[in-house]
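For reference, the structure is listed below as structure tokens.
The values are calculated or read from the model by the stated rules, or taken from the named source; none is laboratory data. Model, not experiment: these values are computed from the prediction. Ideal geometry is used to build each Cβ from the backbone, glycine not excepted, and the neighbour counts take in all protein chains shown.
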């Protein structure tokens, strides 16, 4: 009897998802929604050309649809009967889903991802508090957005709600999604390596500390969405070390706040993961200098004491920087003379925040670490992973990332 009920429940769930699926098709560059009866008229979605373009000259289009908070499986199909080209797709505030994917002429080209959509609302009486600059980001609006960069026209987009595991990220500017290039983080690149059976919900924000994450209620918002079996990755300490006053410190307020986050996640059946802060690029006398004082060790001690999986990004990124050396390690961070990029009139020199190449290297460190530390997650990664060692990083000359023209080249909060 239980077996029959289980089968009926599964079938009902599938029928419900099918009924909630939204199908959009393209004809003569015009987008229209389809259902079993034909075209539908709806005002809850938009599709338009972006004024910004890649530095390579490939234009972009944005698809946006108003949806409730949750995870959505998105399938994008290109009409490649006559054209070929490379495709790059971002979701929300530049969460990377597809990068330089070749679309071959004459072949069906379909790509599926899971996108997490959220708003500040926690309940009828409570919402996450957002600074003005953060509140306007697409990560926090009422719509799910895709930016699609490709010369090959689209054939269709399908959006459907899906119940899958979610990896929540809490962290600072070394983790958050960036609308503004040429800054990037490992958190916004992580979805590139994941399949369509898991979502990434990046709650990290520039300038974040453990205390601000909780006082702003961004952590409370994440908890309101977290389900049993979900994961919450915490990488903090970069800005916490600057806090001063009674009760502040790595083994005092910082450890207490991390412990509070761990306890709350576990109470809801979630699985916390701790990460030590990324190393800054600070060299002296030819030697890389540690700049986080007691904070990385405090995270290590807490992880061991509480039995929480640990990714030691401080040590791993130290190895990465050492592999490049003092001068070449600038390529991992945002170091650009004035006028290197369109509309960039001032020199950019930042030893804390990563370039797209640097963020890509750190994302690969995280992926490799998860394979080693949490093999239970292996089923969620896309096929073809061949491993990565920070002691033998990628050649930056082989890395292709088209900077989007029109970006605002402003330094993130924190240092």
Out of the residues in the stretch 373-389 that are in contact (Cβ under 8 Å) with a residue 12 or more places away in the chain, over 19 Å from the mean Cα position of the chain (by Cα) and under 15 Å from residue 363 (Cβ atoms), state the one that is surrounded by the most Cβ atoms within 10 Å (Cβ to Cβ). 388
Against the conditions (1) surrounded by 15 or more Cβ atoms within 10 Å (Cβ to Cβ); (2) closer than 21 Å to residue 181 by Cα, where does residue 136 fall short? Just the number, please. (1)
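For every residue, the table says whether it meets (1) in contact with a helix residue (DSSP H, G or I) (Cβ under 7 Å, 6 or more places away or on another chain); (2) part of a loop (DSSP other than H, G, I, E, B); (3) closer than 15 Å to residue 393 by Cβ; (4) modelled with pLDDT of 95 or more.
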position	(1), (2), (3), (4)
292	yes, yes, no, no
302	yes, no, no, yes
321	yes, no, yes, yes
324	yes, no, yes, yes
Checking residue 255 against (1) modelled with pLDDT of 90 or more; (2) more than 18 Å from the chain's Cα centre (by Cα); (3) closer than 30 Å to residue 97 by Cα, only one condition comes out false. Which one? (3)
Failed item, numbered, when residue 345 is tested on (1) more than 24 Å from the chain's Cα centre (by Cα); (2) surrounded by 13 or more Cβ atoms within 10 Å (Cβ to Cβ): (2)
Any chance you could count how many residues in the stretch 126-146 are farther than 24 Å from residue 44 by Cβ and assigned to a loop (DSSP other than H, G, I, E, B)? 2
Are there any pairs, at least 6 apart or on different chains, whose C-beta atoms fall under 9 Å, with the first in the stretch 323-340 and on the phi > 0 side of the Ramachandran plot and surrounded by 12 or more Cβ atoms within 10 Å (Cβ to Cβ) and the second at pLDDT below 95 and part of a helix (DSSP H, G or I), and if so, which? none
Can you confirm whether the stretch 360-369 contains a residue that is out of contact with any helix residue (DSSP H, G or I) (no Cβ under 6 Å at 6 or more places or on another chain) and under 28 Å from residue 263 (Cβ atoms)? yes
When the stretch 57-71 is examined, which residues are found to be modelled with pLDDT of 95 or more, more than 12 Å from residue 157 (Cα to Cα) and in contact with a strand residue (DSSP E or B) (Cβ under 7 Å, 6 or more places away or on another chain)? 66, 67, 69, 70, 71
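Within the stretch 185-198, work out how many residues are assigned to a strand (DSSP E or B) and under 10 Å from the mean Cα position of the chain (by Cα). Can you show your working first?
Step one: of the stretch 185-198, the residues assigned to a strand (DSSP E or B) are 194, 198.
After this cut, where a residue has to be under 10 Å from the mean Cα position of the chain (by Cα) as well, the list is none.
Adding up the residues that qualify gives 0.
To keep it simple, each residue is scored yes or no on (1) over 21 Å from the mean Cα position of the chain (by Cα); (2) closer than 22 Å to residue 177 by Cβ; (3) not in a loop (DSSP other than H, G, I, E, B).
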position: 34; (1), (2), (3): yes, no, yes
position: 43; (1), (2), (3): yes, no, no
position: 63; (1), (2), (3): no, yes, yes
position: 68; (1), (2), (3): no, yes, no
position: 72; (1), (2), (3): no, yes, yes
position: 87; (1), (2), (3): no, yes, yes
position: 93; (1), (2), (3): no, yes, no
position: 99; (1), (2), (3): no, yes, yes
position: 112; (1), (2), (3): no, yes, yes
Does residue 229 fit the bill of being buried (at least 23 other Cβ atoms within 10 Å of the Cβ), farther than 30 Å from residue 83 by Cα and either more than 16 Å from the chain's Cα centre (by Cα) or at pLDDT 95 or above (or both)? no
